[in-house]
Each structure stands twice: as structure tokens, then as C-alpha cells.
Amino acid sequence: MLALSLSIALALFFYLSLSVLALKKIQGEEVKRRLETFREEEKPQEAEDNPNDLKKIPLYQRTIGRLLAQAMDFFSKFAPSALPQMMEQRIILAGKQGIWKPRTLVGIWFVSMIFWGFQGFRYTTGHPMSTFGGLVLIWGCLLFGAMLPFGVLNHIIRNRQTKIIRQLPDVLDLLSISVQAGLSLDGAMRKVVERMEGPLIDEFRRMLRDVRMGMTRRRSMQLMARRCDVQDVYLFVMSVVQSERLGASMSDTLVIQADNMRDLRRQRARTQAMKAPVKMIFPLVFCIFPAIFVVVLLPSLISLMQGMK
């Protein structure tokens, strides 16, 4: 009886072990199949983005590029430890992930700070000024050099976010029409990706890529909203997620969101139009009014001076 029990236990153990191994193998093959599909879909795009092979690039360009990369990596070692993570977040917001490297930008930040600090030091040594004034100038140049890369990166981020805000209502219109025509939300997004271009379309393309790789649509849309960092995109993602959770009509949700985004775009246009008179004051005061005063008053002043003689 004991031998029979041990035999059954061993058979059950081997059966469970083989089942677990088979399940892992099936899951591994499924992941491998998804990766192969993803690579096949990405090959044409990579061929378009990089038409020239590395061997076709001239030797001096490869050498200079490698030396510059090593120099940037060397200078990035002297930067604060939290700066690469901050740069990586800004790169994601700028939509340049995979193109720019955080350590390279950190090296550019360090070189910019040294360059402008040296310019301030050279100016202080070449012009007579007090010690306090020279220190203030050097520190000001260092601060300017440290803030310049961030200013350029923030400008790129703002331009990208502005394009996303302007493009979102049109994208939602096309999504709502496609869903009303009978397509699923993923199918409507694929149709939008095929028909349109822009930073928001790039984020949709990456979101669909994440879904094909096995990520849930809710998680991929939340990551898309974080990469965009635009309030309108957050509202769109929250409405879609809530509609899926409550089982509401997706077409009605998209129509409402498209109407809301168009209203927001009109309100922003009115706000910019109301700011225009205030922005026109400075060109009028400093550029147009002086020229008018010269044209109007200069002949009178000349006549008055001639009469006084």
C-alpha cells in the first residue's frame, strides 16, 4: 500500500513538473512569436530611417562621432547623480527616446556650463572691474550655461505639446467616425495611424506596438498620457478607461470628447486673440512710435532751430 502511494505521488509530481515546463515553453514560444512579429513590422521603418549601413559612413565621421560620444560620457561623470534621470524624463517628453541619450545631454550640459563660465572669466580678465563684479559675472555665465540646455529642451517639449493639443480634436473626430462605422477602438487607432502624421500619431503608434507586445490597452494608454504630459490627453485617456470599465458606448464617449476638445480649442484661440493687443504694445512703443515721432517732429525741430538762428 505504501509503495502504491509513493508511486502515485511520484507520478503526480512528474506530471505536474512536465505540465509546468510545457506551459513555460508555450508561453516562451508565444512571446518569441510576438517579438518576431514586432521585428518584422519594424524592419521596413528601420530601413527607411537608416538607409545607409554603418560601413557606408565615412571613417572620419565614425571616428569623430565616437570621440564626441566618449567625451560626453566622460564629462557626464562629473554631473550630479540625479541629472541623468531628469534628462531621461525630459527626453521622453520631447519624444526623442531612442534618439538622444541622457548621458550625452548631461555631457552637453557640463560642457555648456564650462564654456560660458570660461567666457565670463576671460571677459573679467580682459576688462577692468571689481572682484565682486567679476565673481558675479562669472557665476552669471555659469548659471546661463547650466540653464541653456534645459531651455532648449523645454522649448522642444512645448512645441511638441502644442502640436499634440492642436492635433487631438481632429484625431478624436476621425476616431469617433471610425468607431461609429463599426471598427473597434484599436482598429480605429490603426486607421488614424495610417491616415495621419504628427507627434500624437507617433504616440498612438507606440501604444499600439505596446498592445501587440502583450501590454493591456489601459496601461498602454496611461503610459501614452504620461509621455505626452498634456491635460487634454489625460482627459481623453481617463474617459476611455472609464467608459471601458463601466461598459458605456465607446462611440458616444469619443463624440463627447471630440466636442469638448473643439470647444477647448476655440477657447484657447479666443484667449490668444485677447492677448494680442497687450503683446502689440511693446513693438508699438519701442519700434513704431519712435519712427513716427522722428517723421512728425523732426521737420518741426529743424524749422524751429533755423528760426532761432
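Every number in this text was worked out from the coordinates using simple rules, so none of it is lab data. Just so it is clear, the structure is predicted and the values come from calculations on it, not from any experiment. Virtual Cβ from ideal backbone geometry, glycine too; neighbours counted across all protein chains shown.
Within the stretch 214-266, the set of residues being part of a helix (DSSP H, G or I) and among the acidic types (Asp, Glu) comprises ASP232, GLU244, ASP252, ASP259, ASP263.
In the stretch 202-213, the qualifying residues are those that are of a type in the set (A, V, I, L, M) and assigned to a helix (DSSP H, G or I), and the one that is surrounded by the most Cβ atoms within 10 Å (Cβ to Cβ) is MET207. The set of residues from the stretch 143-152 being in contact with a helix residue (DSSP H, G or I) (Cβ under 8 Å, 6 or more places away or on another chain) and either without any contact (Cβ under 8 Å) to a residue 12 or more places away in the chain or surrounded by fewer than 19 Cβ atoms within 10 Å (Cβ to Cβ) (or both) comprises PHE144, ALA146, LEU148, PHE150.
Just one residue in the set SER176, SER184 is crowded, with 18+ Cβ neighbours inside 10 Å and either touching a residue at least 60 places away in the same chain (Cβ under 8 Å) or out of contact with any Ser or Thr (no Cβ under 6 Å at 6 or more places or on another chain) (or both); that residue is SER176. When THR216 is tested against (1) under 23 Å from ARG90 (Cα atoms); (2) among the hydroxyl-bearing types (Ser, Thr, Tyr); (3) loosely packed, with under 15 Cβ neighbours inside 10 Å, only condition (1) is not met.
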